[in-house]
Amino acid sequence: MAAAVTSRDVQEIVSKLSSDKAKPREEGIRLLNTWLDGERSIAFCNYLAHNTAQLKPNEIPHSETWPFLVTLLIQCASLEVSASKRRSPKLLYAKTLRVVVQRAEDSKFSGCTLPLLSVVKLLFNHIWDISSNVPSFQSEYGLILRHLLTIKDYRFHMRRKIYSSLMLWYMEKVETSLNEKITSLSNPKEEVFRCILTLHSLLENPPGDFPENLREGIVEGFVGIFSAVRDEGKISRKLIECVNMYLLQDGPNLGCLSWKIHESLQQFVFRYWLTSHDRSLKDAFTTYARLQLNLERDIGGESSLMDQLVDVVCKELDQISMSSSGNPRNEVVKDDKVGSLSGAHCNLVELGALVFYKGWL
């Protein structure tokens, strides 16, 4: 049976984390982790969740609540970074903050909704301060950021300046990473992919409308990123999805900037559209083309895009037709016999209809 949690247990952790000396703070971090792991975690998290739920609106969180614990961990992480001029900060601080945020938000534990609302602005500020300066913390903090961004009531508390800074920093980091030689020892592909996941989350979940002064920076970021994209794969596929998300979210406000994006992507898109065997990548290309065609612009570039798409769409539709007619009768599933199409093929057919419709206008 899991041990019960008492106020004294929590206060012991709080006392150590509040110390002005590094050793007691680290002891507090390790003690906290013993309570966050295993069977004891359930009782500990329920205890903090219950106390947090009892807080009245605008009440300052006391020392046995999730917001107070997160604030302490932010202070501890900042002090650890400040004290680590000649060595890397201990990753345990970042991991512990990430675990605490995840536990606080875990629906399994009884408590209130939005338990970190009172500290989320501080948390966003801290993520930016540390991520931009401490490479070893970036992976853990990226996980925290992606989680917070998915919650509407949290992301609306992010300052626009912080959002813009994070967006441009992640774009620059992705571009720099793609330009570096990827090896198993430095700059692994998984690290780059995690950065792109966070970039996608930022594009998908802005704290309101995109700031006008950020648009050109985002477009320039995509131009730089795709100048460094060399091959197809999950990294390039996710990057196309990033572009699609941005065009979906802010495309109508871009004007001629949307064509600038296309100029940077077109070589990659049309090099791999017909040759790739990655159906998800092809589907991302199809979505990209539809988004670009649906954007109203008067810059003389749409006819060029149409010419490119007519050729590709016709060849893709021919491939689908040949593939379908080449299937032995006994290998055709029932749905195929009545003319149904997969989601990816439907997407392509809809693009074809749009291309030919616009071609007749």
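The values are calculated or read from the model by the stated rules, or taken from the named source; none is laboratory data. Everything numeric in this text was worked out from a predicted model, so none of it was measured. Counting neighbours? That spans all protein chains shown, and the Cβs are built from the backbone with ideal geometry, glycine included.
Hey, among Lys85, Lys95, which residue is surrounded by fewer than 15 Cβ atoms within 10 Å (Cβ to Cβ) and either at pLDDT below 95 or within 21 Å of the chain's Cα centre (by Cα) (or both)?
Lys85
Listed residues Leu257, Leu274; which is in contact (Cβ under 8 Å) with a residue 24 or more places away in the chain, surrounded by 14 or more Cβ atoms within 10 Å (Cβ to Cβ) and not aromatic (Phe, Trp, Tyr)?
Details: Leu274 fails: surrounded by 14 or more Cβ atoms within 10 Å (Cβ to Cβ).
Within the list Leu257, Leu274, the selection yields Leu257.
Just to be sure I understand, how many residues within the range 120-156 are of a type outside the set (Ser, Thr, Tyr), over 20 Å from Leu92 (Cα atoms) and buried (at least 19 other Cβ atoms within 10 Å of the Cβ)?
Counting residues in the range 120-156 that are of a type outside the set (Ser, Thr, Tyr), over 20 Å from Leu92 (Cα atoms) and buried (at least 19 other Cβ atoms within 10 Å of the Cβ) gives 4.
Among the residues that make up the range 44-64, is at least one of them free of Cβ contacts under 8 Å to residues at least 60 places away in the same chain, surrounded by fewer than 16 Cβ atoms within 10 Å (Cβ to Cβ) and under 26 Å from Ser139 (Cβ atoms)?
no
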